[in-house]
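First up is the structure itself, then whatever we jot down about it.
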Amino acid sequence: MKIEAITLREIHMPLVHFFETSFGRTTERRILLVTVHTGGPEGWGECVAGEDPFYSEESIDTAWYAIERYLAPALLDKSIHKSSDAPALFSRVRGHRMAKATLENALWDAEAQAKRMPLWELLGGTQAEIACGVSIGIQNSHEQLLEKIETELAAGYRRIKVKCKPGWDVEVFEKIRARWPQILLSCDANSAYTLQQIELLKQFDQFQLLMIEQPLWHDDFYFHAQLQKQIKTSICLDEAIRGQRDAQAATELGSCRIINIKVGRVGGFSEAIAVHNTAHQAGVPVWCGGMLESGIGRSHNIALSTLPNFTLPGDVSASKRYWKEDVIDPAVEVSAQGLIKVPNVPGRGFKIKTDLIEKLTTRKQTIRAVEKVAVGRFP
Ligand code: OSB
Ligand code: MG
């Protein structure tokens, strides 16, 4: 594949309902999309960086900068045999994993189309349908949360995950368990606790949670291992797992018993597959996390979730939970059994609604190989 040009664009999409975590509330997404023009099929990628550097160091603006200045120039005019060759071209740039993933995933998207193969098959997937859970943010009241859980259970979702933080935890779990003693339930703290709150965290054990996601610092393995020794509930790491070596460190140290894989957080499909394989060898199940993606990122998450060690329901849910109108056709739908059927057609399996994307676009820039020379001359 010859990379002829790369288009960056920012689209704005209001969420159907606000989404609140321990680090803040989001009402509208600013999403960076890239299109890789290969001469053959166009590949699309979505950057999962947030509006602010609160989940990780990256934001949409740092990703735009990294792609425009370094990552797109590293790809332009190159002929790539396999998308998995991309990480080596990016290796001089440290970090900026979400920015790197945006481009690498767009290449996989194009490669699958060029090979007339479903993306999930190209990634090595084996599952024809994937199990879906939902992530429910912190609400204005307990009643509002219980109503949301009721709606999602009625829709068929197989696992409920609630966001938590000090003051929105034990009492909330008590109310949920009083009404639904048996459901598969987990919680996600997004690093809201410290080891000083060990007594509070021990109280979580009475609620038969499937897991507690990232209770402590976003970059920590050591203290999570200390915590895991003292609580029965399985720890799942999200933020802390930035790649294959982290997955190895965390499983060897006993920092977690489950891993959440987000393809953007680890730097792209190649690294996501490596994390998956390492966890598989260690006997640690994985599931696919979400980052309030539009349909493009969502379709990539579906493809990734077909790999064999994705054995727990992921945060990959229907488009309509987030968007009035998604940017892909058809929108992602979840069956009454809480499953997404993986599309058995070449590429990502969902068409891009280019007219809608144009309408939502607030800025756009196409970078070609000639400009790459200019950037080189005037750094
Ligand atoms: O920690 O999983 C997280 C959304 C934004 C940032 C971090 C997280 C989340 C979610 C949403 O939980 C999952 C989804 O997209 O449904
Ligand atoms: Mg999380």
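Overview of values
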quantity: So V162, is it away from ligand 1 (no atom under 16 Å from the Cβ), open to solvent by less than 30 Å² (accessible area, probe 1.4 Å), closer than 27 Å to F54 by Cα and not hydroxyl-bearing (S, T, Y); calculated: no
quantity: Complete set of residues in segment 9-46 that are more than 16 Å from ligand 2 (Cβ to nearest atom) and of a type in the set (V, I, T); calculated: I11, V16, T27, I31, V34, T35, V36, T38
quantity: Residue within segment 129-146 that is farther than 24 Å from F18 by Cβ, aliphatic (A, V, I, L, M) and crowded, with 16+ Cβ neighbours inside 10 Å present; calculated: yes
quantity: Count - residues of segment 54-92 that are closer than 18 Å to I6 by Cα, aliphatic (A, V, I, L, M) and out of contact with any His (no Cβ under 8 Å at 6 or more places or on another chain); calculated: 9
quantity: Selection count, segment 247-263, where residues are open to solvent by less than 10 Å² (accessible area, probe 1.4 Å) and among the small types (G, A, S); calculated: 3
quantity: Candidate set: segment 1-32, residues that are of a type in the set (D, E) and closer than 25 Å to K165 by Cβ; chosen: the one most open to solvent (accessible area, probe 1.4 Å); calculated: E28
quantity: Leading residue by the ranking (nearest to ligand 1 (Cβ to nearest atom)) among those in segment 1-32 that are part of a strand (DSSP E or B), of a type in the set (S, T, N, Q) and within 20 Å of N140 (Cβ to Cβ); calculated: T21
quantity: Of residues in segment 227-260 being acidic (D, E) and under 19 Å from K163 (Cα atoms), the one nearest to ligand 2 (Cβ to nearest atom); calculated: D238
quantity: Residue check for V345: touching a Ser or Thr at 6+ places or on another chain (Cβ under 8 Å), touching a residue at least 40 places away in the same chain (Cβ under 8 Å) and either more than 16 Å from ligand 2 (Cβ to nearest atom) or under 27 Å from F18 (Cβ atoms) (or both); calculated: no
quantity: Residue that is farthest from L292 (Cα to Cα) [pool: residues in segment 343-364 that are open to solvent by 20 Å² or more (accessible area, probe 1.4 Å) and β-branched (V, I, T)]; calculated: V345
quantity: Enumeration of residues in segment 39-57 that are on the phi < 0 side of the Ramachandran plot and at pLDDT below 95; calculated: G40
quantity: Pairs with Cβ under 6 Å, 6+ apart, first in segment 149-169 and part of a loop (DSSP other than H, G, I, E, B), second polar (S, T, N, Q); calculated: G156/Q337
quantity: Residue match in segment 181-190 (condition: touching a residue at least 24 places away in the same chain (Cβ under 8 Å) and part of a helix (DSSP H, G or I)); calculated: no
quantity: Test: T278 is at pLDDT 95 or above, open to solvent by 10 Å² or more (accessible area, probe 1.4 Å), among the β-branched types (V, I, T) and over 27 Å from I340 (Cα atoms); calculated: no
quantity: Complete set of residues in segment 299-336 that are closer than 21 Å to L122 by Cβ and in contact (Cβ under 8 Å) with a residue 40 or more places away in the chain; calculated: S299, H300, I302, A303, L304, S305, T306, L307, P308, F310, G314, V316
quantity: Qualifying residue in segment 127-138 (condition: out of contact with any Gly (no Cβ under 6 Å at 6 or more places or on another chain), away from ligand 2 (no atom under 16 Å from the Cβ) and in a helix (DSSP H, G or I)); calculated: no
quantity: Qualifying residue in segment 316-323 (condition: closer than 16 Å to G133 by Cβ, open to solvent by less than 30 Å² (accessible area, probe 1.4 Å) and either β-branched (V, I, T) or at pLDDT below 95 (or both)); calculated: yes
quantity: Residue that is farthest from the chain's Cα centre (by Cα) [pool: residues in segment 310-321 that are assigned to a loop (DSSP other than H, G, I, E, B), within 16 Å of ligand 2 (Cβ to nearest atom) and not hydrophobic (A, V, I, L, M, F, W, C)]; calculated: P313
quantity: Some residue of segment 119-132 being touching a residue at least 60 places away in the same chain (Cβ under 8 Å), within 16 Å of ligand 1 (Cβ to nearest atom) and among the β-branched types (V, I, T); calculated: yes
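The values are calculated or read from the model by the stated rules, or taken from the named source; none is laboratory data. None of the values given here were measured: they were computed from a predicted structure. Heads up, the Cβs are rebuilt from the backbone with ideal geometry, glycines too, and the neighbour counts pull from every protein chain shown. Each accessible area value is taken on the protein alone, full model and side chains, heavy atoms only, with ligands, DNA and RNA left out. Shrake-Rupley method; radii C 1.70, N 1.55, O 1.52, S 1.80 Å.
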